[in-house]
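Contents: one structure, followed by commentary.
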Amino acid sequence: MNEKLENLISEWTSLGAGFNTIPTNDEIDLERLLLDTVRHLSEMARLFIMAATWLHLYGDVIAKHRLKRLIEDELAPEFHPILGLLLETAQQGTHPLEFQSILKRLAPAEKPKPLFESARRNTKLGEIAERRASELSRKWNMWCQPIEFKEDAIRPASWMMTRHPQLRACADFRGDLRASILAALRYDPGAGKSESRLAELAGGSRAQIRNALRNLEMTGRVTTRRAKGANRREIALTHAA
């Protein structure tokens, strides 16, 4: 297993996914973790199953506005169908469908192929992957068998929130624009320099950002102040965020 994949597994373990490895003690940028996951997902079938199960259970904590922006800015198109398959698999059985607004922005692969590299490298395994491919994987042109969620391999939310208390607010907001604002301020350098910069990085309009900031400031999660010598407001997280 390469170092990048090991780090990914360590992060997912810290979020409660069932891998036999030491969990990281670092804070986790969930939206960028998803992008890194789909870049390496074809290397490990269990990563697909664990990530899909975790998202099925805890998709509320994903900051969806910010994720859309990161997909556009940072994820190469070749990985869009893998993310599409992962998110659509994860939202099966959820009401409302958790990731529909994101899935509308993603497209299937141009040519069908196995999801996992082992089947791409081996003709017989590739034929098996095509023959056993689920309808959903055929939709995204990324062949793989249907999966069953492994909910017993995911730790309870209370365990995850104890390790990552910053996720509590995201869960309270069910991944709406306020969650994207908090994530952008926490993980995107320069996000708090102005409302316009925050809107760009959080994935909302200036009006939407201003309205969400009023709520976040009222509940003590952010502070705002007029920048010295400039006609703009600076935004910062508080300890309550």
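The values are calculated or read from the model by the stated rules, or taken from the named source; none is laboratory data. Note that the coordinates shown come from a computational prediction; the quantities given were computed from them, not determined experimentally. When we count neighbours, we look across all protein chains shown, and the Cβ atoms used for this are built from the backbone with ideal geometry, even at glycine.
Only one entry of K228, K124 meets the criterion of being surrounded by fewer than 12 Cβ atoms within 10 Å (Cβ to Cβ), assigned by TED's automatic domain parsing to the domain that holds G59, farther than 21 Å from L15 by Cα and not aliphatic (A, V, I, L, M), and that entry is K124.
Yes or no: R233 surrounded by fewer than 16 Cβ atoms within 10 Å (Cβ to Cβ) and modelled with pLDDT under 95? Full working, then the answer.
On the way: surrounded by fewer than 16 Cβ atoms within 10 Å (Cβ to Cβ): no; modelled with pLDDT under 95: yes.
Spelling it out, it is not the case that R233 is surrounded by fewer than 16 Cβ atoms within 10 Å (Cβ to Cβ) and modelled with pLDDT under 95.
Taken over the stretch 141-172, the criterion of being of a type in the set (A, V, I, L, M) and either under 18 Å from the mean Cα position of the chain (by Cα) or in a helix (DSSP H, G or I) (or both) is satisfied by A153, I154, A157, M160, M161, L167, A169, A171. Screening the stretch 89-121 for residues that are touching a Cys at 6+ places or on another chain (Cβ under 8 Å) and assigned to a loop (DSSP other than H, G, I, E, B) and picking the one that is surrounded by the fewest Cβ atoms within 10 Å (Cβ to Cβ) gives F116. For the stretch 29-85, the tally of residues that are more than 13 Å from the chain's Cα centre (by Cα) and not in a helix (DSSP H, G or I) stands at 2. Conditions first: (1) of a type outside the set (F, W, Y); (2) in contact with a helix residue (DSSP H, G or I) (Cβ under 6 Å, 6 or more places away or on another chain); (3) under 30 Å from L198 (Cβ atoms); (4) surrounded by 18 or more Cβ atoms within 10 Å (Cβ to Cβ). T24 passes all but one, so which condition is the exception? Unmet for T24, out of (1) of a type outside the set (F, W, Y); (2) in contact with a helix residue (DSSP H, G or I) (Cβ under 6 Å, 6 or more places away or on another chain); (3) under 30 Å from L198 (Cβ atoms); (4) surrounded by 18 or more Cβ atoms within 10 Å (Cβ to Cβ): (4).
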